[in-house]
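The values are calculated or read from the model by the stated rules, or taken from the named source; none is laboratory data. Source: prediction; values computed, not measured. Glycine gets a Cβ as well: all are built from the backbone with ideal geometry, and neighbour counts include every protein chain shown.
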Number of protein chains: 2
Amino acid sequence: MNSNIRVVGFDADDTLWDNEIFYKETEQEFCRIMIPFMNTEETSKELFKTEVQNMGLYGYGIKAFSLSLIETAIRISSSEIPASTISKIIELGKAMLRKPVNLINGIEDVLKILQGKYKLIIVTKGDLLDQEKKLVKSGLSGYFHHIEIMSDKKEDNYKSLLNHLDIEASQFIMVGNSLKSDILPVLGLGGYGIYVPSDTTWLYEQIENENIESEKFVKVKSIRDIIEILH
Amino acid sequence: MNSNIRVVGFDADDTLWDNEIFYKETEQEFCRIMIPFMNTEETSKELFKTEVQNMGLYGYGIKAFSLSLIETAIRISSSEIPASTISKIIELGKAMLRKPVNLINGIEDVLKILQGKYKLIIVTKGDLLDQEKKLVKSGLSGYFHHIEIMSDKKEDNYKSLLNHLDIEASQFIMVGNSLKSDILPVLGLGGYGIYVPSDTTWLYEQIENENIESEKFVKVKSIRDIIEILH
């Protein structure tokens, strides 16, 4: 790509390690619990509605998700859900926070090869404490110059990051599984993006038009493919 | 104090703006709601127990507090609490996230005087999104070089901060209302601390021995008093 690139930003969830699968599994379990009140498909829709409504107030992460699960359960049961079931929902959230970190296949090889050549950073959103703990559990911290945890991944957030790194957008490339959060805002600022789709993507991160025409953009199948591009 | 000081770190909650008072008010309202199940004093104790138990998993902030309120309500009611009451508790948490920011009296005068003389930063813990929003609402962002939101305020967290700022501990002074979180870890690293006690301090931040003997430490009555020390 561009030989001026100095910093490679990696999204964390579903780029370095599994994440969305745990949300999906928890959602399935939640839908199962709610069957006495509503069918699975409708419950999923109601949950998503709650999450979107709460986004501005709660932001991203498992605690926000847990609170939205409880709120949805109460609403769709017309307050008939027993407190003991809400207890179970709280436990579902806690179980997510305790999950082990499963690395994406090949990521450590990629980081080993790139580490001396670029400044590598993690650029992620979500709960501060949870993301820090996942980084520790992942064993990958040594590869990264630092971890940047943002409240959101919009152009303004990336602009602050570039200021902070004291680099131009054209010296920055972002690697991630969300076009909406990892790629488009960076391209918008004049930076580069490598899109590595994951098997499961949260509805909230999906965009309608996946066709991006830019010489600063490339889509690859596996994280290993970025070596060839950046090497 | 020391003429080598280059960076002044300000704690945010109850140093720049009111915070603990909102937790206390919410706790009182929660205790009132729980009266059918338990007296106020015992409810407060049970809530604190839950918060401490969840600290490692949830960390600080209003979402963590909301989840602990719900968990406590279910436990002390032996799962008898109706879902409609849990709804009210969720709303208490949301109301906290929507609170306006009340600046601590005198803080803006202090920042105006210090701004050209030192690099001023905010060093805080809690929810990322919530703290960023409070900074915007406060109108104080212009005074600060950046905001550092930490998952906790222990020596290791401050060590990373100093590395990041590329300064020695002896060039750093921290201003805050918690001896445990703002002062002791910084003194432990060889930095300076100014303790500005607030009217209400969360039990979790309280320490038994408030007598600190150090020439790098000073306790003042009001935030305005730090001008004389740093000017």
For residues that are within 9 Å of chain A (Cβ to nearest Cβ) and closer than 14 Å to A:Ala83 by Cα, scanning just region B:86-95, find the one that is surrounded by the fewest Cβ atoms within 10 Å (Cβ to Cβ).
B:Ser87
From the list A:Tyr143, A:Tyr158, which one is surrounded by 18 or more Cβ atoms within 10 Å (Cβ to Cβ) and farther than 27 Å from B:Gln131 by Cα?
A:Tyr143
Please go through region B:78-99 and give me each residue that is under 21 Å from B:Glu25 (Cα atoms) and among the small types (Gly, Ala, Ser), ordered by number.
B:Ser84, B:Ser87, B:Gly93, B:Ala95
Of all residues making up region A:1-17, the number that are surrounded by 14 or more Cβ atoms within 10 Å (Cβ to Cβ) and of a type in the set (Ser, Thr, Tyr):
1
Residue by residue through region B:38-90, note down the ones that are touching a Cys at 6+ places or on another chain (Cβ under 7 Å) and not β-branched (Val, Ile, Thr).
B:Ser44
Quickly run through region A:98-115 and pick out the residues that are among the charged types (D, E, K, R) and away from chain B (no Cβ under 13 Å).
A:Glu108, A:Asp109, A:Lys112
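In this structure, is A:Tyr204 closer than 30 Å to A:Lys45 by Cα, under 19 Å from the mean Cα position of the chain (by Cα), hydroxyl-bearing (Ser, Thr, Tyr) and assigned by TED's automatic domain parsing to the domain that holds A:Val123?
Criteria met by A:Tyr204.
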Counting just the residues of region A:148-185 that are of a type in the set (Val, Ile, Thr) and without any contact (Cβ under 8 Å) to a residue 40 or more places away in the chain, which one comes out farthest from A:Gly59 (Cα to Cα)?
A:Ile183
Could you please give the count of residues in region B:200-220 that are surrounded by 10 or more Cβ atoms within 10 Å (Cβ to Cβ) and assigned to a loop (DSSP other than H, G, I, E, B)?
10
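This table checks each residue for (1) surrounded by fewer than 16 Cβ atoms within 10 Å (Cβ to Cβ); (2) closer than 20 Å to B:Ser87 by Cα; (3) touching a Leu at 6+ places or on another chain (Cβ under 8 Å).
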| position | (1), (2), (3) |
| --- | --- |
| A:Asn19 | no, no, no |
| A:Ile35 | yes, no, no |
| A:Asn54 | no, yes, yes |
| A:Ile62 | no, yes, yes |
| A:Ile70 | no, yes, no |
Does A:Leu111 fit the bill of being of a type outside the set (Val, Ile, Thr), within 29 Å of A:Lys221 (Cα to Cα) and within 19 Å of the chain's Cα centre (by Cα)?
yes
